[in-house]
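S.K.: Here it is, the structure, as structure tokens.
Quick note: the coordinates plus some simple rules give every number you see, no bench work behind them. Quick caveat, the model's predicted, so the values are computed rather than measured.
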Amino acid sequence: MTKKNTELESGKIKINEDVYATIATIAALETKGIHHMSSTFNDGVNTFFRLKSDHEGVKISFNDEGAISVTLYVCIQYGYRIPDVVLRLQERINTALVSYTEIEVQTIDVVVQDIIFDDLVTPQLP
């Protein structure tokens, strides 16, 4: 699905929504405190039917004026303040989308699905 079209003197630029999802995914995974993107129900259905996407955990939609809305499903590393990580994530994705594509960003919603405790040491029982 292509929503954002840019008119140039020499022609049009059309950007597929997968490009926006890729930009959002890369920016999210580079954000300190984000452990990984989380699967949604639709991601699970697509995997079942072998339609797996590289954009797991990212949902893109557009309003009537062509502004983008992004919903991210993430898992956060234990030890980080969730509001700080989410704010930093929203800022990074907004900056990346605007700088790479010049699209107007309407909303960036973040759903924290889980907290990951990778670095915790499990106590040893005698």
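S.K.: Please turn the phi angles of the range 24-31 into ³J(HN,Hα) values with the Karplus equation 6.51 cos²θ - 1.76 cosθ + 1.60 (θ = phi - 60°), one per residue in order, whole Hz, x for glycine and proline.
M.R.: 5, 5, 4, 4, 5, 5, 8, 7
S.K.: While we're here: Roughly speaking, what is the stretch gain from Ser61 to Asp18, that is 0.36 nm per residue apart minus the C-alpha to C-alpha distance, in nm to one decimal?
M.R.: Net length gain for the segment: 14.4 nm.
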